[in-house]
Amino acid sequence: MIKLVDVSKHFGSHEALKHVNLEVPTGQKLVIIGPSGSGKSTLIRCINMLEKPSSGQVIVDGVDLTALRAPVAKVRQQVAMVFQQFNLYPHKTVLENITLAPIVVCGVSRDEATESAYKYLDRVGLREKADKYPAQLSGGQQQRVAIARALNMHPKIMLFDEPTSALDPEMIQEVLEVIIDLAHGGITMVVVTHEMGFAKEAADRVIFLDDGLILEDGTPEHFFENPQHDRTKLFLSKILR
Amino acid sequence: MSELLANIGFLQEGPFSVPRWEALFSNFGVLVDGALVTLLVASLGLALALALGTAIGVMSTSQWRVPRAFARGYVEFFQNTPLLIQVFMIYNALPIIYPRLFIPVIAIGIMGVGMYHGAYIAEVVRAGIQSIGRGQLEAAVSQGFSYVGAMRYIIIPQAMRVVLPPLTNQAVNLIKNTSVLAIIAGGDLMYAGDSFAGRFGHYGPTYIMVGLIYFLMCFPLAMLARRLEERTRAA
């Protein structure tokens, strides 16, 4: 479903990703862990080309997005992203946030988009907030709306870029519960997170990124109980106490 | 003292004498016609300026170099040459290049102020777009919006709120600048007033009245701009 071939990314002289190879099969729940500045955000943003790799190939759903004239916008409809800062549209109501792209970009009828929007609002427990504006919601509620917005694209892949990092501690759980619920479904998921509990509970696979390199790649059990690199052990000893 | 009393004669004669005022008011229709032309040029000119300004403002925030360079060139050219030269170019130079081409003077006025203020509005729009966080564009394109679609549905509606007060100020300047038409016999308020005044030397009352009419057109807009600015600051 997702394939990164020899992907590198430079920002000026800084190398954020160094020849990364990664293949994510359909339906896999992949969690990316790593210290800040390790390149994990850059990696997940390369999957939907919010960052263009300096070299290498990104192939999503069989389409090489790094090719010249690749139908990037078309593929992005299938690859929904949830951002650390939610990035809801502040001038639109909750319902409009969820229905805008399906109607405008995908050409779904308003009725159909609204019906499925309510279905996903139910799923994240926010049906009664449909007519509110994002600024009237708490951070946790905003992020759940952002997840409903992503779901209403009926994506094949969902990308979560540190979805709980900007939240107050008491709101992290409500968002994680929604994401864990999604992880029980068949969708392909890539999640950048610092929530180790989430990784243990929901991930099929964990990769550990440090300094633009994938150091560990395996099951959550492998990662937490039997890490191979000293760098990983050091990281885990700081995070798990 | 006697000299001062003698000066009461200014009511009988001189630049502001009563007969001059009477002459102005009995020919007031001339100014009304001119004011209507000015309003026409200003409103169509503003429409053109908004269209050009929005398009060029969006181009100047583009990720591609060519539209960015074009937008830069346009803005610098129109901001750094006098409006008067631009209008003279259209009025005098174009007919020499294209002798068959006939452009009505009013259309020259619309093009002149439209293109000139389009450059200023482009800068206002650019600043407005850049005030919207990067995350909004990323969210939109991650949902499959094209760059133009993201601008239309997500970025510009938000930028509009920021941009409205300076945009209103541009409308005020545009109205005042339609007065350059007077120099090419444009039939606008300034021209109508000046040619009436020149015929009998009624400069004093006429210029005061013409200025007042411009003020009445611009002042409500200036008030609106201030009100909008306060609202933006409160939000």
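The values are calculated or read from the model by the stated rules, or taken from the named source; none is laboratory data. Keep in mind it's a predicted model, so treat the numbers as computed, not measured. Every residue, glycine among them, receives a Cβ derived from its backbone with ideal geometry; neighbour counts consider all protein chains shown.
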For the stretch B:123-149, give me each residue that is buried (at least 18 other Cβ atoms within 10 Å of the Cβ), modelled with pLDDT under 95 and in a loop (DSSP other than H, G, I, E, B). B:I132
Is there a residue in the stretch B:150-168 that is assigned to a helix (DSSP H, G or I) and closer than 19 Å to A:K52 by Cβ? yes
A:L121 - would you say it is away from chain B (no Cβ under 12 Å) and crowded, with 20+ Cβ neighbours inside 10 Å? yes
Considering only helices (runs of 4 or more DSSP H) wholly within the stretch B:1-100, the ones with at least 1 residues that are of a type in the set (A, V, I, L, M), under 26 Å from B:D194 (Cβ atoms) and modelled with pLDDT of 90 or more are B:28-60, B:83-88
Do we find a residue being touching a helix residue (DSSP H, G or I) at 6+ places or on another chain (Cβ under 7 Å) and more than 14 Å from every other protein chain (Cβ to nearest Cβ) anywhere in the stretch B:91-99? yes
Here are some residues: A:L209, A:L159, A:L167. Which one is part of a strand (DSSP E or B), surrounded by 19 or more Cβ atoms within 10 Å (Cβ to Cβ) and over 15 Å from the mean Cα position of the chain (by Cα)? A:L209
Which of (1) surrounded by fewer than 17 Cβ atoms within 10 Å (Cβ to Cβ); (2) closer than 15 Å to A:V190 by Cβ is the odd one out, the single condition A:K18 does not satisfy? (2)
Does A:K40 satisfy the criteria of being over 27 Å from B:P157 (Cβ atoms) and basic (K, R)? yes
